[in-house]
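Undergrad: First, the structure itself, so that you have it in front of you.
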Amino acid sequence: MQMSFSHIGLFVTDLPKMVEFYTRILGLVVSDREMRQDGSEIAFMTSDPREHHQVVFASGRPADLTYNMIQQISFRAPSFAALRETYGKLKNEPITELGPVTHGNAISCYFRDPEGNRLEIFIDMPWHVPQPFRIPLEMNKSDEELLKFVEDNVRGTPGFVSRAEWTAGVAEKLGHTHKH
């Protein structure tokens, strides 16, 4: 049986503020929203017209909660341009931890949403290196310069393979190989 990830649901303290941030910065749209009889609220959001929702916010997270249960939520950007656009928006936000990095297999920007949940927006690279792997980079370089910088820094890493080779290896582990 093969499963695919569909969505994540989060309890939030300030649902309107969270919806505003995720729609304005990440480009999600609200697909449904409901105020319940008990006064709680739920909002469904997506960035994919094939998915009713990818993120669900439900009110009810205590404001004085000292520990955030979310380790990270990641969003794949469709292009360098989309990653740069989001990075540009984030530079104007009162956030910390914006530093763009490469993991060898991706270029990522990390940040925290208004309630402190750690988010990542990333684009895939055409190769894979064993993880964890992290090198800071500067987003002011051209797409070609960024690709060259990443490749120059990962090509000699033990375990470096093309994304196609890595994908085939994972498919084999999952039993998705074709037998002739």
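Undergrad: Condition test on PRO132, is it modelled with pLDDT of 95 or more and either in the same structural domain as LEU10 (by TED's automatic domain parsing) or more than 16 Å from the chain's Cα centre (by Cα) (or both)? Outline the logic, then answer.
TA: Values: modelled with pLDDT of 95 or more: no; either in the same structural domain as LEU10 (by TED's automatic domain parsing) or more than 16 Å from the chain's Cα centre (by Cα) (or both): yes.
Answer is no for this residue.
Undergrad: Keeping to the range 115-129, report how many residues are surrounded by 15 or more Cβ atoms within 10 Å (Cβ to Cβ) and over 16 Å from the mean Cα position of the chain (by Cα).
TA: The qualifying residues number 4.
Undergrad: Which residues, counting only those in the range 49-78, are within 13 Å of the chain's Cα centre (by Cα), among the small types (Gly, Ala, Ser) and in a loop (DSSP other than H, G, I, E, B)?
TA: Hit for the range 49-78 is ALA77, nothing else.
Undergrad: May I ask you to verify whether THR96 is of a type in the set (Ser, Thr, Tyr), under 21 Å from the mean Cα position of the chain (by Cα) and closer than 28 Å to GLY9 by Cβ?
TA: Yes, satisfied.
Undergrad: Would you pick out the residues in the range 158-176 that are part of a helix (DSSP H, G or I) and either of a type in the set (A, V, I, L, M, F, W, C) or free of Cβ contacts under 8 Å to residues at least 40 places away in the same chain (or both)?
TA: Passing the criteria: ALA164, GLU165, TRP166, THR167, ALA168, GLY169, VAL170, ALA171, GLU172, LYS173.
Undergrad: I'd like to verify a number: residues in the range 96-132 that are within 20 Å of TYR67 (Cβ to Cβ) and not in a strand (DSSP E or B), how many?
TA: Number satisfying all stated conditions: 7.
The values are calculated or read from the model by the stated rules, or taken from the named source; none is laboratory data. What you see is a predicted model; the values in this text were computed from it and never measured. As a convention, Cβ positions derive from the backbone with ideal geometry for all residues, glycine included, and neighbour counts pool all protein chains shown.
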